[in-house]
Amino acid sequence: DLISKNPQGQFAEIEVARQAATGRLKTRASQRRLIVRSEETLKLLAEWVATREGQGAPVDGFLFGDPSNDSQRYRPAATIALVSRLLKTVTGEPTISLHTLRHTAISNLMSEVWLNPPEVDINRIEVVAAHAGHASGLTTLRTYSHVYELALRTGLDRALRQDVALSSQVAAPILGLRPDALRQHA
């Protein structure tokens, strides 16, 4: 089924094909996924999948597959150009791209990780990494945490108070860092 359900509600998980000509995803260990939760978007996806099935597409076929050859994407450059134009129109931002949208979404997830204490004993950075398609949480941490100094500082302060009973302002000189070092990278 296209639509699944978990405690957070209904969702669809879409694997993003990177090397579509061969039908392979980016790598086996690092599959990029798009999690869709919007009720309206889920309805549109279900309608589109029904249309594709009506064209004879296999259930595991490309979402934007070529109607005459299901092992190929349908006009990839035209599809990307259309999505880019739609993003620019919807946001009013002339420089936005799919990659920008991805970066913003993952950065927002990382901000949530830093600002909110965990409710369960799981590594939430690894969860975000899995959603991002990163083989390691370290990649996600390096690439997407720099945007949110306040969230990162809050998370570090919480961990230091809990485990060491120090704030980042007090710990920075002990570690040989300037307390304002993070602000210079923002």
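The values are calculated or read from the model by the stated rules, or taken from the named source; none is laboratory data. Given the structure is predicted, the values throughout are model-derived calculations rather than measurements. Cβ sites come from the backbone with ideal geometry, for glycine too, and all protein chains shown count toward neighbours. Protein only, heavy atoms only, side chains kept; ligands, DNA and RNA dropped before computing areas. Shrake-Rupley method; radii C 1.70, N 1.55, O 1.52, S 1.80 Å.
Some points to look at:
- Matching entry among Thr79, Thr89 (being among the hydroxyl-bearing types (Ser, Thr, Tyr), within 30 Å of Arg52 (Cα to Cα) and touching a strand residue (DSSP E or B) at 6+ places or on another chain (Cβ under 8 Å)): Thr79
- Enumeration of residues in segment 2-43 that are more than 19 Å from Val128 (Cβ to Cβ), surrounded by 14 or more Cβ atoms within 10 Å (Cβ to Cβ) and modelled with pLDDT of 80 or more: Ile3, Leu42
- Restricting segment 79-135 to residues that are of a type in the set (S, T, N, Q) and outside any helix (DSSP H, G or I), the residue that is least open to solvent (accessible area, probe 1.4 Å): Ser97
- Residue tally, condition open to solvent by 70 Å² or more (accessible area, probe 1.4 Å) and of a type in the set (D, E, K, R), over segment 45-78: 5
- Which numbered condition Glu149 misses (of (1) open to solvent by less than 70 Å² (accessible area, probe 1.4 Å); (2) within 22 Å of Arg37 (Cβ to Cβ); (3) acidic (Asp, Glu)): (2)
- Hits in segment 37-78 - residues which are closer than 13 Å to Asp1 by Cα, touching a residue at least 12 places away in the same chain (Cβ under 8 Å) and among the hydrophobic types (A, V, I, L, M, F, W, C): Leu42, Leu45, Ala46, Val49
- Close pairs (8 angstrom Cβ cut-off, 6 or more residues apart or separate chains): more than 16 Å from Ala129 (Cα to Cα) in segment 99-117, among the hydroxyl-bearing types (Ser, Thr, Tyr) and in a helix (DSSP H, G or I) anywhere: Leu115/Thr154
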